[in-house]
Structure formats: C-alpha cells, structure tokens
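Here the structure is laid out as structure tokens; the discussion comes afterwards.
Bear in mind these aren't lab numbers, they're just calculated from the coordinates by the rules spelled out. Just so it is clear, the model here is predicted, and its values are computed rather than measured. Neighbour counts run over all protein chains shown; Cβ positions are idealised from the backbone, glycine included.
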Amino acid sequence: MLRRTFLYLSNQPRLFHFVRHNGMAKRFASRFVAGETLDTALAAVRQLNARKIRASLDLLGESVTNEVEARAASRSYLGMLDRIHEAGLDANVSVKLTQMGLDISEELCVDIMQEILERARGYRTFVRLDMEGSAYTERTLRLFEDRLYPSFPEHVGIVLQSYLYRTQADVERAVELKCRVRLCKGAYNEPAQVAFPEKHDVDANYVRCMQTLLAQGNYPGIATHDPAILSQAKRFARAQTIPAERFEFQMLYGVRRDLQDQIVREGFNMRVYVPFGTQWYPYLMRRLAERPANVAFITGNMVRELVAGRH
C-alpha cells in the first residue's frame, strides 16, 4: 500500500512544483540527489572517487514533448561527457531514451543517441541506457540491439529489471550478444500481467539472473542494496572462481553508504548511480516506494529538524 502511494505521488506534477520550492523537502532530497546542477553532481563524483568508488551520472527527466526539449537534453549529456573527461573523473553516464525523444520519433532518438555515443567513444567511456516502465522494455531493447549496439558495442549497455517475467530470457539474449547489463529489481508500478507481484519472487528471479550474468556475462553491474543478495553474489563468485574485476556492484547515491565502503574494502568494484537536476521529485518518490528504510530515514530527519527548530 505504501509503495503504491509513493508511486502515485511521483506522477503528480502540481505536488512536484510545490515540493521543489520547499526548503525542507530539498534538504531531504539532497541525501539521494546530487543537487540540481552539473557542478554539484561533479562535486559528488569527486567525493565518490576519493572513496575509490566509480560513478554513473544521470540528468533526471523522462519523456520530452518536442524535438527542442530532446535536443536540449542531448546537449546536456554531451556537455556532461566533456566535463567528466576534462576533470579526469571515473564516471560514465546513464540516459533514458524517452528523454532523448523516443516518444516523438525513433529516428530522432537514434540520431541523438548516435551523437552521444560518438562523443563517448572519443573519450573511451560508456553510456548506459536506463530502463523505464514495462511499456518501453521491448522498444528499448529493440532499438539497442538493432540500431545502437552494432556500431557501439564497447560503449553502450542496457538495464534489465528482475521484477519482469521476461527478464531471464532477456538476460540470456544479452549473454548471446555479449553486451553489458545492469541488473536491478525495478522501481515502477507494474501490473501482475507482466511483473512478479511478490517481493520474494522478484528476489528469486534477481538471483537467477545475477548468477547467469556473473558466470557468462560481459562485466555485469549487480545493482542492489540487499545484504542477503550481495552475500549470495560474493559466495557465487568465489565458488565459480570469478575474478572481482569481471563485474561490479552498483548502488544508488545516498543509499547504504556503509555497504558501498565495505564492498570497496573487500576488493570489489563499486559504482554509484548519481542523479541530479531539477526533476528530482519523481525520482525521490520512486526511491521511497522502493525501500521502506528510506521512509524511516526521512521521517527521522524531519523529527530532528522540528525538534531543533523549537530550541
């Protein structure tokens, strides 16, 4: 029930406009979002790199409504790649295809993505295609496989979500293609016709897909904050004698920083997804829906701030 509530709130634009200008809400968001500008995001990446953690920068925002907006988002990503390279940071970028015009025209989206990938190739870096709701899964994977991956096999990868029934088959196809996969659980409100309704089934499917990717995949990103699944991944890698350099763990900015540092100390690769930008409210609501502990964190901070304000 709580998850559905937060997912509903994530799609309320009037509430977003109110919350964005609320100081307390912005302070809460700063735990999970690296500010509204590229400068604040790059500062966050520097701090992560100092902890021996890699990053993936994401300019928040999804479907655009016209070509002007799509081209503007494209210029932001090109500038982002430039700035990462100039600063010598250990970071790549994550992109949503709807932000690059997929809902307007596939040709527009491909044109934009090819320009971004050309820039990434010039810098010898990498672009992750974020996965959105299930309505976009097939379109995203087809565009990736047919239009982008053949020309940029070393510089573009995908995200697969374990809450979808289809994901094991998609993992097997990714193994065939030898493409890079980020495996996550999924953060959208999906119907039971396409996604596992129960968490234990989502987790079980995650572990199955994870083991396939660890054993046969091309440098997979194991994206989870679940200590039990992290332990299973480490045990599986040791049992199968999979070297730590063949994969990486991935987590979200501001979530389980203790585990991030522990993974680095244990000798594994760690990458943190760093979102930034003005469109942080929908992202924050999905993070709250995804993990109840996040609600407890925000509630605890709210109480402390209110108490401090009375003294």
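Values computed for the structure shown
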quantity	calculated
Under 5 Å, built H, 5+ apart or other chain: amide partners of Ala223	Leu183, Gln250
Order of Arg256, Arg51 - criterion: other Cβ atoms within 10 Å of each residue's Cβ, fewest first	Arg51, Arg256
Gain in span if fully extended, Glu69 to Ala244, counting 0.36 nm per residue against the direct Cα distance	58.9 nm
Ranked list, fewest to most other Cβ atoms within 10 Å of each Cβ, for Tyr77, Tyr136	Tyr136, Tyr77
Calculated P(r) tail over 18 Å for region 27-101, as whole % of Cα pairs	42 percent
Segment Glu86-Thr278, extension gain: residue separation times 0.36 nm, minus the distance between their alpha carbons	66.7 nm
Under 12 Å, Cβ to Cβ, from Met131 - net charge with Lys/Arg +1 and Asp/Glu -1	0
Long-range HN-HN contacts of Gly101 with modeled amide H, under 5 Å	Val64
Spin-label pair Gln47/Gln216, simplified geometry with 7 Å Cα→Cβ offset, distance in nm	4.1 nm
For Thr137, Thr241, order by how many other beta-carbon atoms lie within 10 Å, fewest first	Thr241, Thr137
Simple spin-label estimate for Glu176 and Thr37 in nanometres, 7 Å along Cα-Cβ	4.9 nm
Convex hull volume per residue in cubic angstrom - Cα atoms of region 101-194	93 Å³
Region 34-276: relative contact order as a whole-number percent, Cα under 8 Å and 6+ apart	21 percent
Residue-count net charge about Leu164 - beta-carbon cut-off 9 Å; Lys, Arg +1, Asp, Glu -1	-1
³J(HN,Hα), Karplus 6.51/-1.76/1.60, whole Hz, each residue of region 125-139, x for Gly, Pro	10, 9, 10, 9, 8, 5, 9, 9, x, 4, 5, 9, 4, 5, 4
Long-range amide H partners of Ala55 with built H, under 5 Å	Ala91, Asn92, Val272
Relative contact order (%) - criterion: Cα under 8 Å, at least six apart; region: region 66-192	21 percent
Rounded, prolate or oblate (a/c below 1.5 giving rounded, otherwise prolate when a/b exceeds b/c) for region 34-276 by Cα gyration tensor	oblate
Glu118/Glu266 FRET efficiency (R0 45 Å; Cβ-Cβ; nearest 0.05)	0.75
